[in-house]
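Here is the structure we will look at, set down as structure tokens.
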Amino acid sequence: MLTPTPVAELSRIKYQPPLAARTRTLATRAEMRTERPEPEALFPASVPMNFGRNAEIYAEDETAGYVYKLISGVVRISKLLPDGRRQISAFHLPGDMFGFEIGDLHHASAEAVVPVKVVAFKWHSLLSATNSAGLVHELLNRTMIGLRQTQDHLLLLGRKNALERLAAFLLELAERSGQDSQDDTLDLAMPRHDIADYLGLTLETVSRMFAELKESRTIRLESARRVHMIDMDKLRAMAA
């Protein structure tokens, strides 16, 4: 039996799979031959990591050796522009994978918006495991989802006005969060200045657009972070 190589290079973290998990793996091996495995079973050995609010997961221009899957919380991917401004290119939600690079360095930084839990996979371990068709399919699927989200973000920045950008952002978060169609409440993990940097707007403009949506009775604000979407049809029309 081949044993996955653990991620030994991450310092200060020691991980030993619990005995119950190893026993359960042996007990269910026969079933896994006939049943499609869960996505997590396709990946090589991983290391769980926790980060506090605003903690840096990796920095821009840092050596890229690991890929991360977000288990809980929200992560922002951002890059500092030459003039000191910050552009947030993505918000990652639970289930997303991030940290993929085509070179040896990270082109942007990743930070925890709120306390997060991730699992880290050594990139070379993933590459060596790509003889598994299931793993290749899973990685390709998650990469294509990320590409689609990037394309949507470019369209938002290039073709939509401020109000349309905010409406599209709220709808995107509701969809990606698995928002129930009957639940009109959206809890925003990120502060408004993060939203501004993601939408390419100023903080003042974002606040003004929230107020405009509120005055038009499209949304109701219970607090700065809790949004009740009153008129979804109107919101979709604005975002179109």
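Any read-out appearing in this document is the output of simple, stated calculations on the displayed coordinates, not a laboratory observation. Since the model is a prediction, treat every value here as computed from it, not as a measurement. Backbone-built Cβ (ideal geometry, glycine too); neighbour counts: all protein chains shown.
Numbers for the structure displayed
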read-out	value
Extension gain from S216 to L93, taking 0.36 nm per residue of separation minus the Cα-Cα distance	41.4 nm
Calculated FRET efficiency for the pair L80/R208, C-beta based, R₀ 25 Å, to 0.05	0.45
Neighbour-count ranking [beta-carbon atoms within 10 angstrom, fewest first] of K117, K160	K117, K160
Packing rank of 190-200, 58-68, where each peptide gets the mean count of other beta carbons within 10 Å, highest leading	190-200, 58-68
Counting all C-alpha pairs of the stretch 160-239, share separated by more than 14 Å (%)	58
Over the stretch 39-118, relative contact order from alpha-carbon pairs under 8 Å, at least 6 apart, %	47
Spacing of the two label points (7 Å from each Cα toward its C-beta) at M144 and L105, in nm	3.3
Built amide H within the under 5 Å cut-off of D96, gap 5+	L70
The stretch 160-239, relative contact order [Cα under 8 Å, separation at least 6], %	41
Peptide ranges 90-96, 140-146, 209-215 listed from the most packed, as the mean C-beta count within 10 angstrom indicates	90-96, 209-215, 140-146
Per-pair calculated FRET efficiency, R0 = 45 Å: H124 and R236 via Cβ, rounded to 0.05	0.55
Per-residue HN-Hα couplings for the stretch 158-165 [Karplus 6.51, -1.76, 1.60; θ = phi - 60°; Hz; x = Gly/Pro]	x, 10, 10, 7, 4, 5, 5, 5
